[in-house]
Amino acid sequence: MPFPPHREPPGADASGAESIAVYDRQGNPIGAADRATVYRDGLWHASAGVLVRSPDGDRIYVHRRTDTKMVFAGMHDCLAGGVVEPGESPRDTAVREVGEELGIMLGRGDLPLRLLASVSWDGDWQDRPMRCHLFAYELRYDGPIRHQTDEIADGWWWSEAELRVHLADPDWPFVPDTRLLIPDILNTVAPRPKNPGSPSR
């Protein structure tokens with residue numbers, strides 16, 4: 001299956017402004033707003049990402065965000081993901097984003113995404129409030145990866161030990177929202193499958 005081209009999200013208007021889901025503090029979707037407005041005003045929203053592990057669980061896919069991203073530009077991450085769009089569930093967002101960013105297209109018969117952790121972050125970014133409900137999923141996968149070039153600058157496989165060493169370095173630029181989830185997503189490892197398989201592509 002070919003890698004999907006970058007698309008304007010369903011909520012984008014003619015100017016390219018993107019509408020994303022707005023949540024309340026308790027985690028309930030309550031409407032939608034332009035992404036720039038959500039970030040500027042510190043509105044609660046949601047994001048979902050996928051931790052991609054090798055089928056044996058020994059390696060994790062890590063990537064570096066492009067320098068043109070609206071938030072956390074140029075930083076590293078181990079979750080491929082993005083914000084929840086209006087009418088979308090976090091799991092649907094995770095499926096969409098791992099397809100768009102890494103070219104991993106999931107169909108009905110594929111191995112399911114497993115929810116690893118969720119947390120609500122009431123923090124700040126560049127002197128502005130950043131409030132987000134975060135959802136992390138895991139996918140076991142050993143197939144090809146194709147980056148969406150305007151989202152991901154580079155990517156590679158690391159062992160969990162290699163990732164932890166870098167996370168311990170305060171000078172290593174890693175996205176702050178995923179860092180909140182790191183203890184749960186790295187310490188919650190599913191048993192190795194007896195017959196590991198790859199999602200259809």
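Here segment 37-172 exposes an accessible surface that is 48 percent carbon and sulfur, computed with a 1.4 Å probe and the other protein chains kept in place.
Stretching the chain fully between TRP157 and THR188 yields a gain of 9.3 nm (0.36 nm per residue, less the alpha carbon separation). You can think of it this way: the chain between ASP24 and ARG40 has 4.1 nm of extra reach, that is 0.36 nm per residue less the Cα-Cα gap. Sorting VAL83, VAL95 on solvent-accessible area from highest to lowest, probe radius 1.4 Å, gives VAL95, VAL83.
Looking at segment 104-193, the trypsin sites (Lys or Arg not before Pro) that sit in a DSSP loop and have at most 13 other Cβ atoms within 10 Å of their own Cβ are ARG108. Across segment 78-190, Cα pairs under 8 Å and at least six residues apart give a relative contact order of 25 percent.
The values are calculated or read from the model by the stated rules, or taken from the named source; none is laboratory data. This one's a predicted model, so the numbers in the text were calculated from it and none came from an experiment. For neighbour counting, all protein chains shown are included, and Cβ atoms are generated from backbone atoms with ideal geometry for every residue, glycine included. Calculation scope for accessible area: heavy atoms of the full protein, side chains included, ligands and nucleic acids excluded. Shrake-Rupley method; radii C 1.70, N 1.55, O 1.52, S 1.80 Å.
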